[in-house]
Protein chains: 4
Amino acid sequence: MPAAKATLLISCIDRPGIIARVAGHLFDLDCNIITSDQYSDDEDGHFFWRIHFESKSRPFADLARDLEASFAGLRPWEQLRWSLHDAARRERIVIMVSRLAHCMIDLLSRHHALELDADVVSVISNHPDLEPLARPFNVPFEVIAVPKGGKPAAEAALLKRLGELNADTVVLARYMQVLSGDFLRAWLKPIVNIHHSFLPAFAGSRPYQQARERGVKLIGATAHYVTEELDAGPIIAQATTAITHRDSVADLARKGKDLEVSVLAKAVRAHLNKQVLTHRNRTIVFE
Amino acid sequence: MPAAKATLLISCIDRPGIIARVAGHLFDLDCNIITSDQYSDDEDGHFFWRIHFESKSRPFADLARDLEASFAGLRPWEQLRWSLHDAARRERIVIMVSRLAHCMIDLLSRHHALELDADVVSVISNHPDLEPLARPFNVPFEVIAVPKGGKPAAEAALLKRLGELNADTVVLARYMQVLSGDFLRAWLKPIVNIHHSFLPAFAGSRPYQQARERGVKLIGATAHYVTEELDAGPIIAQATTAITHRDSVADLARKGKDLEVSVLAKAVRAHLNKQVLTHRNRTIVFE
Amino acid sequence: MPAAKATLLISCIDRPGIIARVAGHLFDLDCNIITSDQYSDDEDGHFFWRIHFESKSRPFADLARDLEASFAGLRPWEQLRWSLHDAARRERIVIMVSRLAHCMIDLLSRHHALELDADVVSVISNHPDLEPLARPFNVPFEVIAVPKGGKPAAEAALLKRLGELNADTVVLARYMQVLSGDFLRAWLKPIVNIHHSFLPAFAGSRPYQQARERGVKLIGATAHYVTEELDAGPIIAQATTAITHRDSVADLARKGKDLEVSVLAKAVRAHLNKQVLTHRNRTIVFE
Amino acid sequence: MPAAKATLLISCIDRPGIIARVAGHLFDLDCNIITSDQYSDDEDGHFFWRIHFESKSRPFADLARDLEASFAGLRPWEQLRWSLHDAARRERIVIMVSRLAHCMIDLLSRHHALELDADVVSVISNHPDLEPLARPFNVPFEVIAVPKGGKPAAEAALLKRLGELNADTVVLARYMQVLSGDFLRAWLKPIVNIHHSFLPAFAGSRPYQQARERGVKLIGATAHYVTEELDAGPIIAQATTAITHRDSVADLARKGKDLEVSVLAKAVRAHLNKQVLTHRNRTIVFE
């Protein structure tokens, strides 16, 4: 029988014995833990656990059924949330872009180099410009234009299309439209965005212009989950790079591209590998 | 006759021929340029120039007198500001601290290792705690307490003392009091402060607490000139370091100390070496 | 009864069920796991585990006795090595220096700021120069000179003194003498050294000179355990910083000091926190 | 008449008055200095100068002729080398690759985004694999295979092709063949290579394997000019990134790709912008 690999994510109130109970139960199910990462938040007593494990004797579906049946019984649990992820199932991701190519090319290149544990099922843009650059990567490129006044219709089309594509995760790879609260309340799956500043500084539009005006000596990039409040969702990854007085806004945009690319790629990889849990508008990232 | 070394700082509207005129004039004065750094701000047409040079034949006082007499004649100048600094004159700096020792110890250690081109003429604190740690460095340690309601009196005492010390530059090395507008309007010489965040994010009090609450993935430190608006003066140096969800506020404070130390030291060195010019609430730092 | 906190380090051949068995056993002993970090080396099948846990009902001595009696019984074990560390016991460390103060001052400052979970029981130097700088930290400063031809006698004195001090760990904080193979075979406890290059580049003497001559664009620092082969022991921490053609050897030495300080402090903290295991001349560092 | 922009690179023995003479001469030729960077090597007395300037009244050809006629007369010069570069002339670069796409895609993407002040006139590979990924960038992709025993013939074909292409600079973007001394003595124009380690550590083959075996805590990338001694030419740019014991050789290769890309791009940009001078197997990089 083929071995199944799976990732189990758990969060609950921290109580003695959780690790022993769950580890013992997995062993009874003939599973072997490959990696285990945990974190206890001292401020509010929550416990977070990521277990990557394999079953030598059960296929994933059986494992999922057995855990579903038995997990609640490993009590006491308080405020338990848990999810089980089949490592053999590749997530379906949709990349959204506008006119800047760098993040799209980088993600498609990594996809092509087999670095992303996912299938990029489509690139969706509000402009046709980048289609030629996506072509060699053999991924569909679709345009959903957002004409002036046409945002509700465009978002309805997007929502429909994401559903048809059966998308798991949307990656905003310098998509220059703000998704509305209505859209976000309708599309409840994860959306990862890259913002070109070290949030919370320089949220909103034209962050490189803002950075130049304030005279900062470093610029940053922030990958975060999208929430209704603009640029205020849980941060997954951030980085900065040094700049000087010589750097014009155009120089900042050029230097920032490299940051955006690496920060977004890091966040997307962590997300796809089920290394990210969210808690109180913050993330726990098990690296 | 002993050689004199000097640094000339110039800012003016950029016009053709400035470099040729000034370089030729210095050559006529028997001076040799050691390093030269320049910057033209394309946005508003300003030109900034730092020239470090030596005179083999004139002592500094003669050089200063000659330049004073001749400089305006190298016209046309527009919006000219210039200053000449004797490289042999050591600035007199005062370090101000409260209860955290790390920045003070670092600056005193660098002073002791002859890394700072300045004399630390006193350490002034609002608390006596750090006195034993300053003692081996042979620098006076003075206490000017700031009791509740006693800030105006304390600032008057500070102003008087800085005058007696003939201080050139004040370094706030984690001095936990905000200097009032009245004080700043009375003391017009440079004050360098270290703030423990990547400004403009997390200005004001308890930045590590703010950082933890927002869930950022890096923390920063910012050295800047003090102006009347809190934490809003021209930034001289900044750096960040990565953090994770595991880091408590206490961990951030510990990790941040290393950043504060290195950022403040870098800024103080650049300031003392006359590598910093300010323009429109930004700095030009010639490294 | 007071709670005991302890750290358990385990290495063995990786086999299914280890985590379940040990976690279950600790739970049976009324212990609660606070943090757990593990690593499996795919190349040779070794498994490494660090468990930080607390016992609410047993003092450390009882815990140690119970584990000693029961641990081997949690078999099957292959190539098992394990050790148990009382979190309440502070290691006794000796700092060794020569004439450069920066690493010593930094470690003593961190000790003073309660950042190191250890007692610095002595500073030993082959020169008396740094004694005044150690004085405010209330740590003994001892001189064991190493005159020409006097190395065997000096090392004998050092060995005797370390024994009297009951030292657990020796930190070479820019100690400019190479410890002989004879000494290392006699003193079997850990010695942490800081080398001022990114090893394996520029091992041996004058690494900044070597770096300048090769024309590298970054310099580094490496903290490692001392072994008989010079600068070739297991690396605990490394970092680099950018340099330019402008930097003289003296500039490299100045810039490098900051690196040395932070890399050594990071390594010493990890070592004291029992986060470091060694395996085949490499380290596993659980951060 | 159209304005000409040009870059003048000078190296000579440092003597008083050089800056004044050249700046004055350029002013007499109705030229205005835009940026000027200089460096004096204290060890051997050499002076290096990069002047970027514009002529409002002369086209480049006239400027070059006038400078050619007059430059030697600005004496005394000792060991003078100088070159003048037309900023309007785009260099012709050839990218060489094997089977790894990341550096090629990155350079072609930057070329496409107008970040490189050059024309990529061809991609030449010893394998056909990457042709589809180069296609959307509208650059010719040519294969010059290197069969066993066929290196002399392949290098002859390469030499002929570079000549036909009138290439100025060759960029080895993970080209996995060592160019022979015979080839390098026949092709005297610059060749920029990216090596996937922080040289001088881990020169030669399989540096990530070497890094893993030594147990270093950071990996690096180095861009350098190719010389006959393997991986020993003048270094243009370097960077490192942190790794841990968890990183397999495959992880290092993946993490290293991002470093290679950014270090090579930085070096190529500096080279194309005439910011790099070489001296005694080292580079001066005016940033």
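Observations on the model:
- Close contacts from region C:112-123, counting a first residue that is free of Cβ contacts under 8 Å to residues at least 60 places away in the same chain and a second that is of a type in the set (D, E, K, R) and not in a strand (DSSP E or B), with Cβ to Cβ under 9 Å and a gap of 6+ residues or different chains, come to C:Ala113/B:Arg254; C:Ala113/B:Lys257; C:Asp119/C:Arg90; C:Ser122/C:Arg161; C:Val123/C:Glu131.
- Yes/no for B:Thr244 being facing another protein chain (nearest Cβ under 8 Å), of a type outside the set (A, V, I, L, M, F, W, C) and within 19 Å of A:Gln210 (Cβ to Cβ): no
- Where B:Gln238 falls short, out of the listed (1) part of a loop (DSSP other than H, G, I, E, B); (2) facing chain A (nearest Cβ under 7 Å); (3) closer than 18 Å to A:Val216 by Cα: (1)
- Criterion violated by B:Thr241 - all others in (1) surrounded by 19 or more Cβ atoms within 10 Å (Cβ to Cβ); (2) under 17 Å from C:Ala265 (Cβ atoms); (3) polar (S, T, N, Q) satisfied: (1)
- Against the numbered list (1) more than 23 Å from D:Ser248 (Cα to Cα); (2) assigned to a strand (DSSP E or B); (3) polar (S, T, N, Q), C:Ser40 comes up short only at (1).
- Number of residues in region B:46-69 that are in a strand (DSSP E or B) and more than 15 Å from B:Lys274 (Cα to Cα): the value is 4.
- Filter pass, D:Pro76 being surrounded by fewer than 16 Cβ atoms within 10 Å (Cβ to Cβ), farther than 21 Å from D:Asp37 by Cβ and touching a strand residue (DSSP E or B) at 6+ places or on another chain (Cβ under 7 Å): no
- The conditions of being buried (at least 20 other Cβ atoms within 10 Å of the Cβ), not in a loop (DSSP other than H, G, I, E, B) and not polar (S, T, N, Q) are met by B:Leu107.
- Check on C:Gly256, outside the structural domain of C:Leu8 (by TED's automatic domain parsing), in a helix (DSSP H, G or I), in contact with a His (Cβ under 8 Å, 6 or more places away or on another chain) and of a type in the set (Gly, Ala, Ser): yes
- Entry remark, region B:213-235: residues being of a type in the set (A, V, I, L, M), in a loop (DSSP other than H, G, I, E, B) and within 11 Å of another protein chain (Cβ to nearest Cβ) number 2 in total.
- Which listed residue, of D:Ala3, D:Ala20, is touching a Leu at 6+ places or on another chain (Cβ under 8 Å) and over 30 Å from D:Val146 (Cβ atoms): D:Ala20
- Residues located in region B:259-287, provided they are of a type in the set (D, E, K, R) and at pLDDT 95 or above: B:Glu260, B:Lys266, B:Arg269, B:Lys274, B:Arg282
- Complete set of residues in region C:113-131 that are within 14 Å of another protein chain (Cβ to nearest Cβ) and surrounded by 19 or more Cβ atoms within 10 Å (Cβ to Cβ): C:Leu116, C:Val123, C:Leu130
- Residue in region B:199-212 that is farthest from the other protein chains (Cβ to nearest Cβ), counting only those that are more than 29 Å from B:Leu272 (Cβ to Cβ) and in contact with a helix residue (DSSP H, G or I) (Cβ under 7 Å, 6 or more places away or on another chain): B:Gln209
- Of the residues making up region A:37-54, just one is touching a helix residue (DSSP H, G or I) at 6+ places or on another chain (Cβ under 7 Å) and either crowded, with 21+ Cβ neighbours inside 10 Å or of a type in the set (Asp, Glu) (or both), namely A:Phe53.
- In this structure, D:Leu100 does not qualify as closer than 25 Å to A:Ala101 by Cα and either without any contact (Cβ under 8 Å) to a residue 40 or more places away in the chain or in a strand (DSSP E or B) (or both).
- Among the residues of region B:225-238, just one is without any contact (Cβ under 8 Å) to a residue 40 or more places away in the chain and either buried (at least 21 other Cβ atoms within 10 Å of the Cβ) or touching a His at 6+ places or on another chain (Cβ under 7 Å) (or both), namely B:Asp231.
- Pick from region B:152-201, criterion touching a strand residue (DSSP E or B) at 6+ places or on another chain (Cβ under 9 Å) and among the β-branched types (Val, Ile, Thr), ranking: nearest to A:Phe202 (Cα to Cα): B:Ile194
- Any pair with Cβ under 9 angstrom, 6 or more apart, that starts in region A:62-78 at a residue that is touching a residue at least 24 places away in the same chain (Cβ under 8 Å) and ends at one that is among the basic types (Lys, Arg): A:Asp66/A:Arg58; A:Leu74/A:Arg21; A:Pro76/A:Arg15; A:Trp77/A:Arg15; A:Glu78/A:Arg15
- Given (1) more than 9 Å from every other protein chain (Cβ to nearest Cβ); (2) small (Gly, Ala, Ser); (3) surrounded by fewer than 24 Cβ atoms within 10 Å (Cβ to Cβ); (4) touching a residue at least 60 places away in the same chain (Cβ under 8 Å), index of the condition A:Ala267 fails: (3)
- Looking only at region C:268-284, and only at residues there that are polar (S, T, N, Q) and not in a strand (DSSP E or B), the one that is farthest from C:Arg110 (Cα to Cα): C:Asn281
Here's the yes/no breakdown for (1) in contact with a strand residue (DSSP E or B) (Cβ under 8 Å, 6 or more places away or on another chain); (2) within 14 Å of chain D (Cβ to nearest Cβ):
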{"residue": "B:Cys12", "(1), (2)": "yes, no"}
{"residue": "B:Cys31", "(1), (2)": "yes, yes"}
{"residue": "B:Asp44", "(1), (2)": "no, no"}
{"residue": "B:Pro59", "(1), (2)": "yes, no"}
{"residue": "B:Leu63", "(1), (2)": "yes, no"}
{"residue": "B:Phe71", "(1), (2)": "yes, no"}
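- Criterion (modelled with pLDDT under 90, more than 25 Å from the chain's Cα centre (by Cα) and at the interface with another protein chain (Cβ under 8 Å from one of its Cβ atoms)) met by exactly one of A:Gly17, A:Gly24: A:Gly17
- Taken over region A:11-37, the criterion of being within 15 Å of C:Gln38 (Cβ to Cβ), in a strand (DSSP E or B) and of a type in the set (A, V, I, L, M) is satisfied by A:Ile33, A:Ile34.
- Against the test of being loosely packed, with under 14 Cβ neighbours inside 10 Å and modelled with pLDDT of 95 or more, the options C:Arg99, C:Arg92 yield a single qualifying residue, C:Arg99.
The values are calculated or read from the model by the stated rules, or taken from the named source; none is laboratory data. All figures in this text were calculated on a predicted structure; none of them were measured in a lab. A quick note on method: Cβ atoms are made from the backbone with ideal geometry, for glycine too, and the neighbour counts reach across all protein chains shown.
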